[in-house]
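The values are calculated or read from the model by the stated rules, or taken from the named source; none is laboratory data. All figures in this text were calculated on a predicted structure; none of them were measured in a lab. Cβ: placed from backbone, ideal geometry, glycine included. Neighbour counts: every protein chain shown. Heads up: the accessible areas ignore ligands, DNA and RNA and are worked out on the full protein's heavy atoms, side chains in. Shrake-Rupley method; radii C 1.70, N 1.55, O 1.52, S 1.80 Å.
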Amino acid sequence: MEELKKKVISFIDSIKGEIFEIADEIYKNPELGNQEFKASKLLKEKINGYGFLVNEVEGLPTAFLAQKKGKKPGPKVALLAEYDALPEIGHACGHNLIAAASFGAAAALGALDEELFGEVMLVGSPAEETDGAKVILVERGIF
């Protein structure tokens, strides 16, 4: 277990610049709920680069589900990336940080796919501040 911990820490250290870049980019481009096209696109492209299969979510154009399966069956771990901003004040709730941290954690766990059981998912969760899009994600079978 200690060896896995070291691998995760090392991996996160190796991509910390990318994690900060994601946080900064989303912060500099605040988008209201269901309008988070830049943030969603950025996260989808970045996580796809780490071998995740990325799919759109029907009825939510800025939502996504990115999945990476381990070599052996087991539990599913979902990390939620929220990225909407508040009107007039932007990312006062820190969703840019939540999205970046969830990306980093998903990428790090996904890098261990040879050693872990199960599946890692990064769920793009739009409109957290307004419409509660997680209800639609539940209805679409994401959770």
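Pairing each residue of segment 1-19 that is open to solvent by 50 Å² or more (accessible area, probe 1.4 Å) with any residue that is modelled with pLDDT under 95, provided the two are 6+ apart or on different chains, yields C-beta distances under 7 Å for LYS7/LEU112.
Here is a yes/no grid of residues against (1) closer than 18 Å to VAL138 by Cβ; (2) open to solvent by 70 Å² or more (accessible area, probe 1.4 Å); (3) assigned to a loop (DSSP other than H, G, I, E, B):
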site: LYS38; (1), (2), (3): no, yes, no
site: TYR50; (1), (2), (3): no, no, yes
site: PHE64; (1), (2), (3): yes, no, no
site: ALA78; (1), (2), (3): yes, no, no
site: ASP84; (1), (2), (3): yes, no, yes
site: ALA99; (1), (2), (3): no, no, no
site: ALA107; (1), (2), (3): no, no, no
site: GLY118; (1), (2), (3): no, no, no
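Among the residues here, ALA92 qualifies as assigned to a loop (DSSP other than H, G, I, E, B), small (Gly, Ala, Ser) and surrounded by fewer than 18 Cβ atoms within 10 Å (Cβ to Cβ). Here ALA78, ALA105, ALA101 are screened, and the one residue that is in contact with a Leu (Cβ under 6 Å, 6 or more places away or on another chain) and of a type outside the set (Asp, Glu) is ALA105. Listed by first and then second residue, the pairs with beta-carbon distance under 7 Å, at least 6 apart or on different chains, first residue in segment 30-45 and in contact (Cβ under 8 Å) with a residue 24 or more places away in the chain, second among the basic types (Lys, Arg), are GLU31/LYS38.
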